[in-house]
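Peer 1: The structure follows.
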Amino acid sequence: VQLQTSGGGSVQAGGSLRLSCVGSGESDRPYTKAWFRQAPGKEREFVAVIRWNGSTTKYRDSVKGRFTISRNNAENAVYLQMNNLKLEDTAVYYCASDPRSVLTEKVGWYHYWGSGTQVTVSS
């Protein structure tokens, strides 16, 4: 399984970005997909997760109301729409997936990871 992440970039505070992650090699199993991020000098942290059928989503508190996770199973894709970006959102963003259909925020749970895309928010 390979996850290809794209959509990062530089934006001013208050701006928007949309991240995409397309998977290849995934079977028909119900993959949970999630987004994590890692800022310099910090541990990787959970951002958002979506159940395989899109029925349930979870977000870290600091992004609730600003970020939206969605997916298109026909394209093996998961997206992260990020609005009203703040300086503290600056990080490398990673998509992750796991075939065990568990909705979790735990970094160590996810079996597959994308290579990451840089998001930089400036004032």
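The values are calculated or read from the model by the stated rules, or taken from the named source; none is laboratory data. Since the model is a prediction, treat every value here as computed from it, not as a measurement. Quick reminder, even Gly has a Cβ in these numbers, built from the backbone with ideal geometry, and neighbours come from all protein chains shown. Please note that ligands, DNA and RNA were not included when accessible areas were found on the heavy atoms of the full protein model with its side chains. Shrake-Rupley method; radii C 1.70, N 1.55, O 1.52, S 1.80 Å.
Peer 1: Treat each spin label as a single point 7 Å out from the Cα along the C-beta direction, and report the residue 109 to residue 53 distance in nm.
Peer 2: 1.8
Peer 1: I would also like to ask the following. About the Cα centre of the stretch 9-123, what is the dipole size in debye to 20, counting +1 per Lys and Arg Cβ and -1 per Asp and Glu Cβ, all else neutral?
Peer 2: Dipole magnitude for the stretch 9-123 comes out near 200 debye.
Peer 1: Let me ask you something else. Compare the Cα positions of 119, 102, 6 along the charge dipole of the chain (+1 at Cβ of Lys, Arg; -1 at Cβ of Asp, Glu; about the Cα centre) and return the one farthest towards the positive end.
Peer 2: So the residue we want is 102.
Peer 1: A further question on this structure: In square angstrom, rounded to the nearest 10, how much accessible surface does residue 69 have for a 1.4 Å probe?
Peer 2: So the heavy atoms of residue 69 present about 10 Å² to solvent.
Peer 1: Counting C-alpha atoms alone, how compact is the stretch 27-79: give Rg to one decimal and Dmax as a whole number, in angstrom.
Peer 2: 12.2, 37
Peer 1: Right, next: If contacts are Cα pairs under 8 angstrom and at least 6 residues apart, what is the relative contact order of the chain in percent?
Peer 2: Here the relative contact order equals 37 percent.
Peer 1: Please calculate how many Å² of accessible area the chain carries per residue, with a 1.4 Å probe and no DNA, RNA or ligand atoms counted.
Peer 2: So the chain comes to 51 Å² accessible per residue, rounded to a whole number.
Peer 1: Let me ask something additional. List, in order, the whole-Hz ³J(HN,Hα) value for each residue of the stretch 109-118 obtained from phi through the Karplus relation with A = 6.51, B = -1.76, C = 1.60 and θ = phi - 60°; use x for Gly and Pro.
Peer 2: The phi angles translate into 6, 7, 8, 10, 9, x, 7, x, 9, 7 Hz.
Peer 1: Note down the nm distance, to one decimal, between modelled labels 7 Å out along Cα→Cβ at residue 6 and at residue 26.
Peer 2: Output for this residue pair reads 1.7 nm.
Peer 1: Counting each pair of different Cα atoms once, what's the Kirkwood radius of the chain in Å, rounded to one decimal?
Peer 2: For the chain, inverting the mean 1/r across all distinct Cα pairs yields 14.2 Å.
Peer 1: Leaving out ligands, DNA and RNA, what percent of the accessible area of the stretch 46-123 is carbon and sulfur, probe 1.4 Å?
Peer 2: Values: 1730 of 3730 Å².
Heavy-atom surface of the stretch 46-123 belonging to carbon and sulfur, 1.4 Å probe: 46 percent.
Peer 1: Given labels modelled 7 Å from the Cα in the Cβ direction, how far is it in nm from residue 102 to residue 72?
Peer 2: In this crude label model, residue 102 to residue 72 measures out at 3.1 nm.
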